[in-house]
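Asks: One structure, pasted below without further comment.
The values are calculated or read from the model by the stated rules, or taken from the named source; none is laboratory data. Just so it is clear, the model here is predicted, and its values are computed rather than measured. Counting neighbours? That spans all protein chains shown, and the Cβs are built from the backbone with ideal geometry, glycine included.
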Amino acid sequence: MRSRKLVNKVLCTGILTLIAPRCYAQDPVKECLSGIASHQGLFKTVTSAAGSHSYKSAKEWFCSDDFLAESQNSSTAASVETPWGAGAYNANDSSQVAQRQHFCQNTASDFDTEEQSYLTLKEGDPVIAQDLQVCLAAAAGRTPYLISAVNPYPDGTFDILVSVRGYPGNNPLVVSQGILGGASPADVSELHAGATIPFQGSGTAPITATYKFDAGSPMARVKVVTSIGSITIPAVRCPIGKIGTWETDEDSQQSVQVPMPQFSDSRNVPQASCHPHCGAGDFIPYDFAVSSDIVLSSANAKLVGGGAVFDSNVLTQPHPFQLHVVVNTRSTATTLVVTANQTRNTTQTVRQKVDSGDITAGHAFTVKLDDGTNGSVVIKDSAGTAISLTAAELQADSSLPSWLKLASTPQHSGTSLLTNLVSSGPGTCVIP
C-alpha cells in the first residue's frame with residue numbers, strides 16, 4: 001500500500017480518544033446476534049444433492065467435520081480468522097490444527113462478538129446473513145461508529161480510509177468491499193476480509209484501499225461491509241484538463257509621446273534688396289526650435305501679406321525638435337508663418353505581461369519573476385476568479401489558493417526567482 005494512505009482527511013473531525021465499551025451503553029451487534037440466535041441454521045453445509053448440515057453457532061460450524069473438510073479442499077479457511085489471533089486458518093499448519101482442536105474442546109472458548117458477526121455475514125447462511133445486515137443497518141447508534149474519508153488524486157485514483165470511533169466492543173472486522181460503479185480496484189489488500197478496523201485516536205492509521213476511476217467517470221461508489229454494519233462511500237473525481245491560467249506581469253519604463261497644443265510661430269521677412277526690379281531675389285534662412293524633448297510633426301510654412309504672391313519658401317527639418325525655412329523674397333516685406341503638431345517625449349511606468357500559460361490539473365508549471373521589477377503572477381481558476389501573488393507570497397505556501405501547492409522550494413537563478421507549482425483542481429483533491 002502506498003505511503004499516501006497517511007494523508008488522512010477524515011470527514012468527521014471529532015476524534016474520540018476514549019474508545020472503551022462504556023462509550024455507548026449497548027452493543028448493537030450483540031443485540032442483532034441475539035435476535036437471530038433462535039435460528040438453528042446460522043451455518044449450512046451442503047453434504048449431497050439431497051441434504052445439508054446446519055449449525056446454530058459460529059463455533060459449532062468451525063469445529064465441525066464439514067468445516068475441516070472444506071478447509072482442506074477449498075479456499076473457505078482463507079476468510080476465517082482464527083479466534084486465537086494467528087491470522088487465517090491454515091489446515092496444513094499442524095500447530096493451527098492443534099490449536100483448533102484445543103479451542104473446540106474447551107467449552108469456555110468461543111469467538112468474540114465481532115468474529116461471530118463477521119463469520120455469520122461472510123460464511124453464514126445467505127438468508128440469515130441478510131437478516132443480520134438489515135438489523136445492523138437499523139440499529140440505533142450504528143451510524144456514528146464507522147468513519148470514512150476519501151482522498152481523490154489528480155492521476156485518476158482515489159483512496160478510501162476506514163476507521164471506527166466510540167464503539168462499545170472490540171475492533172470491527174471487514175467482511176467485504178465492493179465497487180458499486182465508476183471504478184476498478186487498484187490496491188485493496190488492506191481491506192481484505194477479516195481485516196481489523198482501527199479505532200480513531202488509537203494511534204493506528206485507518207485501513208486504506210486504492211481504486212482507479214473508470215475512463216470518463218466523474219464519480220464512483222464503494223460499499224464496505226463490516227461486522228458492525230456497512231457503509232457506502234462516494235468519491236468524486238478530480239478535474240482533468242485545463243482548470244485555470246497563469247500570467248506574470250512586471251513594471252517597465254516605456255517611452256511615450258504626450259500630445260501638446262499646436263506649435264505656431266511667425267517671422268517678419270524684409271523687403272528684398274533688389275526690389276522693385278528683382279531677378280533671383282534674396283534667400284533668407286529662418287530657424288524654429290523647441291525643447292529637445294518635444295517632437296514636431298506635420299509642419300507647414302507659408303508667407304502672408306505684402307508681396308507674398310511673388311515669394312516662396314522651402315521647409316526642412318534637421319532635427320525632430322527643429323524646423324529650418326529658407327524664404328526666397330523678390331518683393332516687399334511679408335510675414336513667414338510656421339505651424340506644426342507637437343508631442344512631448346516622456347517615460348512612464350507601464351504594467352505589462354511577460355509570460356503566461358494554462359494550468360492543467362495534476363501538472364506542474366514554473367513561474368519566473370525577475371528581481372527588482374515588482375513582478376507578480378496572476379492566477380485564475382476556471383471560473384475566472386483571479387489572485388495576484390508577489391514573489392514573497394509565492395514562497396509562502398499559505399498564500400496560494402487551495403488548489404495549488406509548491407512542488408518544490410522556490411530557488412533563485414541569477415536575478416530571477418523560479419517557483420514550481422502543481423495543481424490539483426478545486427475541492428477535495430489531494431496533491432501527493
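Asks: Test each condition in (1) surrounded by fewer than 10 Cβ atoms within 10 Å (Cβ to Cβ); (2) farther than 30 Å from THR335 by Cβ; (3) not small (Gly, Ala, Ser) for PRO259 and report the one that comes out false.
Replies: (2)
Asks: I need the strands (runs of 3 or more DSSP E) fully contained in the stretch 242-306, keeping only those with at least 3 residues that are out of contact with any helix residue (DSSP H, G or I) (no Cβ under 9 Å at 6 or more places or on another chain) and at pLDDT below 90. Quick ask: steps written out before the conclusion?
Replies: Working: elements: 242-259, 263-269, 282-289, 294-304.
Output list reads 242-259.
Asks: For the stretch 191-218, name all the residues that are under 23 Å from the mean Cα position of the chain (by Cα) and either part of a strand (DSSP E or B) or not assigned by TED's automatic domain parsing to the domain that holds THR232 (or both).
Replies: THR208, ALA209, THR210, TYR211, LYS212, PHE213
Asks: Could you say which residue among GLY229, GLY203, GLY156, GLY194 is farther than 28 Å from LEU33 by Cα and touching a Phe, Trp or Tyr at 6+ places or on another chain (Cβ under 8 Å)?
Replies: Values: GLY229 fails: farther than 28 Å from LEU33 by Cα; GLY203 fails: touching a Phe, Trp or Tyr at 6+ places or on another chain (Cβ under 8 Å); GLY194 fails: farther than 28 Å from LEU33 by Cα.
Of GLY229, GLY203, GLY156, GLY194, the one residue that is farther than 28 Å from LEU33 by Cα and touching a Phe, Trp or Tyr at 6+ places or on another chain (Cβ under 8 Å) is GLY156.
Asks: With the condition kept exactly as written, say whether any residue in the stretch 311-326 is in contact with a Phe, Trp or Tyr (Cβ under 9 Å, 6 or more places away or on another chain), small (Gly, Ala, Ser) and not assigned by TED's automatic domain parsing to the domain that holds ALA383.
Replies: Scanning the stretch 311-326, I find no residue that is in contact with a Phe, Trp or Tyr (Cβ under 9 Å, 6 or more places away or on another chain), small (Gly, Ala, Ser) and not assigned by TED's automatic domain parsing to the domain that holds ALA383, so the answer is no.
Asks: Tell me yes or no: at least one residue of the stretch 67-76 is at pLDDT below 65 and surrounded by fewer than 16 Cβ atoms within 10 Å (Cβ to Cβ).
Replies: Within the stretch 67-76, one or more residues are at pLDDT below 65 and surrounded by fewer than 16 Cβ atoms within 10 Å (Cβ to Cβ).
Asks: Filter the stretch 327-369 down to the residues that are within 25 Å of LEU406 (Cβ to Cβ) and in contact with a helix residue (DSSP H, G or I) (Cβ under 8 Å, 6 or more places away or on another chain), then identify the one that is modelled with the highest pLDDT.
Replies: Within the stretch 327-369, the subset within 25 Å of LEU406 (Cβ to Cβ) is 353-369.
So of that shortlist, the ones also in contact with a helix residue (DSSP H, G or I) (Cβ under 8 Å, 6 or more places away or on another chain) come out as 367, 369.
Values: VAL367: 90, LEU369: 87.
The extreme case among them is VAL367.
Asks: Then there's this: In the stretch 232-247, what residues are among the basic types (Lys, Arg) and either free of Cβ contacts under 8 Å to residues at least 40 places away in the same chain or over 15 Å from ALA364 (Cα atoms) (or both)?
Replies: Selection gives ARG237 alone.
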